[in-house]
Every structure is written in C-alpha cells, then in structure tokens.
Amino acid sequence: MKSLKRIFSVGIILSSVSLALFGCGTGTSTSENGDTGEDKKYIIATDATYAPMEYMDKDGNIVGTDIDIVNAIADELGIEVEFKNYGWEPLFSAVKNEEVDFAVSSITITDERKQTFDFTEPYYAANQLILVPEDSTVTKFDDLKDMRISVQINTTGHEVVKGLLGKTSSKIVAPESMPLAISEMINGNADAAIGDNAVINEYVKNNPDVKLKTVEDDTFEKEYYGLMVKKGNVELIELLNEGIEKIKANGKLKEITGFDVE
Ligand code: ARG
C-alpha cells in the first residue's frame, strides 16, 4: 500500500512537471496575483500554406493577412504572440489538447466546429471560388456534378463538394493542403479545384503562366472567419473579441483586409 502511494505521488509530481514544461496553459492569462498576464506569450497554431492569408516568406517567417490581423489585435491588447505552423488538420487537435492557446487559419465559423470549439466574432468574410483550366466549359458549380473536384480536406470547400457529389464520392480528391489540391487539378487528376476566394485569386495572380480561370457561383454561402479557441475558454474569447472590436473601431482591420466584415 505504502509503495503504491509512493508511485502515485511520484506520478503526480511527474505529471505536474511535464505540465509546467509543456503546458502553455490556455486561460492562464490572468494569474493569481491579479497580474493581467502581460508576460504571457500566446501560442497560435496555423496552416502556413494559404497565401495570402498565412504562408511562409522566403526567410521562413509566417506572414500574411491573418497574421497581420492577429498582430494588430495583440498590439491593441498589449499581449505577446508567437505563430506555429502546424498544418491544417493538426491545428484542430493542437487547440483541443491545449498545445496552443488558439488558432488563426482562415477558419470558417461553422455550427459543426462550434460543437468542439469556440470562435471569436467574425473578422473576415469569404466565399468558395471555382478554379478550372482556361479552356474548361464550366460556368457554374452545378456543371461539376459529374466531374472530379479537388479540395483541401475537411474544409468548408470539402463540405460544399460533398453536397454536390455525395459524401463518399470517389470523384472527390481531398489532399491535406490547398496547394496540393490545386496541383491535382493542374495535373489533370481533377477537373476543378474549389477553395476560399482570396487564396484561389492569389494563386491565379502569382501563376500567370498556368492557364487557369476562376468561376463564381452565387449559390455558395458567405463564410466568416473567426479565431478558434478550445471550447469553454470564455476568458480568452472575451479578450480576443475585445481586440477585434478595437481594430474594427479604429479602422485597422479594414486597412489590413481592404473591406468591412459585415
Ligand atoms: N475557410 C475554410 C475552412 O474553414 C478553409 C480554411 C483553410 N485554411 C488553411 N490555412 N488551410 O474550412
């Protein structure tokens, strides 16, 4: 019994040591002494393959519109932030497991995600956009119903395409990143790629030699991006919302994105 107890307490010590070492502790922005947490650094997960929103510059820095927005929020709040490139699917578990404090990654606020995460107020509006070879006959989303479509896995684009082709359709090509989804279309493995408008437009702009065109469709619903925290982290949501409100009110958000969210 005694030795069992000892093992148990050693276990507790070990796990608190590892918590202290590895836990970046969401919700610890206000410490016991009432300090507002100015020395806390917020760790933020992203998928930096999503130009112009979040991507790596040639020196390996994570940059982009989303990054500028979070930095502007951090400036207003007087908090320190650090971005980490997790990739798309891993960023969701990183938030859930509290490996990071929150995520910014052009994440659309959806009812399904709201079951597992909490979101800030919207800070950016977007919609899906179709990308096809320049000589494609596609003029609307419905034209793709017998075709192969590439999308980034588990994105809202993926959901939209499941709606057209069927949940388990073999015509859906869904790699882990948006650049891979676009490559699948360029390589002829898909007839069209679908994704967030800013990212598709940026690709076309940066690759004038690849003969492509975009196709808009009014049936795509407006989507709103939010910062994503672990469900129940009310303190952090309130803090981030305060920052978003400030950069909406002082014009900084519009200066960064070029448009009003609502
Ligand atoms: N807005 C879409 C969604 O939330 C796609 C976001 C993908 N973001 C990224 N950094 N790859 O599902």
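What are the ³J(HN,Hα) values, in whole Hz, obtained from phi via the Karplus relation 6.51 cos²θ - 1.76 cosθ + 1.60 with θ = phi - 60°, for each residue of segment 186-195 in sequence order, with x given for Gly and Pro?
So the J values, rounded to whole Hz, are 5, 6, x, 7, 9, 7, 8, 10, 10, x.
Run down the aspartates and glutamates and flag those whose C-alpha is under 13 Å from the C-alpha of residue 211, throwing out any fewer than 8 positions away in its chain.
List returned: 134, 135.
So in segment 125-243, what percent of DSSP beta bridges are antiparallel if you round to the nearest 5?
Among the beta bridges of segment 125-243, antiparallel pairing accounts for roughly 70 percent.
If I model a spin label at residue 167 and residue 153 as a point 7 Å from the Cα along the Cα→Cβ vector, what separation in nanometres do I get?
1.8
When the dipole is taken about the Cα centre of segment 64-105, and only Lys, Arg (+1) and Asp, Glu (-1) are charged at their Cβ, what size is it in debye, to the nearest 20?
Here the size comes out at about 180 debye.
For the cross-link pairs 114/246; 114/167; 213/252; 96/171, which exceed 26 Å when the distance is taken from alpha carbon to alpha carbon?
Numbers: 114/246 24 Å; 114/167 21 Å; 213/252 32 Å; 96/171 31 Å.
Pairs exceeding 26 Å: 213/252; 96/171.
To the nearest 20 debye, what is the magnitude of the charge dipole of segment 121-242 about its Cα centre, counting +1 on the Cβ of each Lys and Arg and -1 on the Cβ of each Asp and Glu? Don't skip to the end; give the middle numbers.
On the way: 12 positive and 21 negative charges, 84 e Å.
Using only the charged Cβ atoms, the result is roughly 400 debye.
Once you keep just the Cα pairs under 8 angstrom separated by 6 or more residues, what percentage relative contact order results for the chain?
Relative CO of the chain lands at 26 percent.
Taking residue 84 as the anchor, which aspartates and glutamates have their alpha carbon closer than 16 Å to its alpha carbon, excluding any fewer than eight residues away along the same chain?
47, 54, 57, 59, 66, 68, 98, 99, 101
Assign unit charges at the C-beta atoms only (+1 for Lys and Arg, -1 for Asp and Glu), then state the dipole size of the chain relative to its Cα centre in Debye, rounded to the nearest 20.
Value, rounded to 20: 1140 debye.
Taking the Cα centre of the chain as the origin and placing charges on Cβ (Lys, Arg +1; Asp, Glu -1), which of 48, 256, 137 is farthest toward the positive end of the dipole?
It is 48.
Sketch the reach of a paramagnetic label on residue 214 as a point 7 Å from Cα along Cα-to-Cβ, and name the residues of segment 51-80 whose backbone nitrogen lies under 19 Å away.
Output list for this probe position: 51-55, 64-67.
Calculate, for residue 58 and residue 116, the FRET efficiency according to 1/(1 + (r/R0)^6) with r their C-beta to C-beta distance and R0 35 Å; round to the nearest 0.05. Kindly include the intermediate steps, with their values, before the conclusion.
Details: r = 35 Å, r/R0 = 1.01.
Efficiency, rounded to the nearest 0.05: 0.50.
Among 234, 102, 115, whose Cα projects farthest towards the positive end of the dipole of the chain, with charges put on the beta-carbon of Lys, Arg (+1) and Asp, Glu (-1)?
So the residue furthest toward the plus end is 115.
FRET efficiency for residue 261 and residue 146, Cβ-Cβ distance as r, R0 = 45 Å, nearest 0.05?
According to the calculation, E is roughly 0.80.
None of the figures in this text is laboratory data; all of them are computed from the coordinates on show. None of these values were measured; they are calculated from a predicted model. Counting neighbours? That spans all protein chains shown, and the Cβs are built from the backbone with ideal geometry, glycine included.
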